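Below: one structure, written as structure tokens.
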Amino acid sequence: AFADVTRGALRLLLSGPTSSAGRPMPDGERPGPGGWNRIHLIVEDIAAEVARLRAAGLSFRNEIVTGPGGSQILLVDPSGNLVELFEPAESR
């Protein structure tokens, strides 16, 4: 299940445990109660952003995953916050 809720400039994306957000990471880690809470950044070209960030020394928790809504990848910032880069399907 997935829900996209907006109110004014606020947008909240909610993914259920059987959605793609419930998939484990390549190392086998699974989302805990509350899921993979993260900062969500929308990008126009996810492959280019990943290449740029990797060249700058950042590492990612997984590879790009593509589903009906778009493509996403996760990284951890220097403070330990989970960050998702997301390219909506309509921008491809």
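Over region 2-91, calculate the relative contact order: mean separation of alpha carbon pairs under 8 Å at least 6 apart, over the residue count, as a percent. Contact order relative to length: 24 percent. Working note: 222 nm ellipticity from helices only, DSSP H runs with n ≥ 4, each -39,500 (n - 2.57), summed and divided by the residues of the chain, gives -3000 deg cm²/dmol to the nearest 500. Measuring gaps between exposed loop sites in the chain (GluC sites (Glu not before Pro); DSSP loop; at most 11 other Cβ atoms within 10 Å), the longest gap, sites not included, is 64-92.
Every number in this text was worked out from the coordinates using simple rules, so none of it is lab data. Treat the numbers as computed from the prediction; the structure is a model and nothing was measured. Using ideal geometry, Cβ is built from the backbone for each residue, glycine included, and neighbour counts are taken over all protein chains shown.
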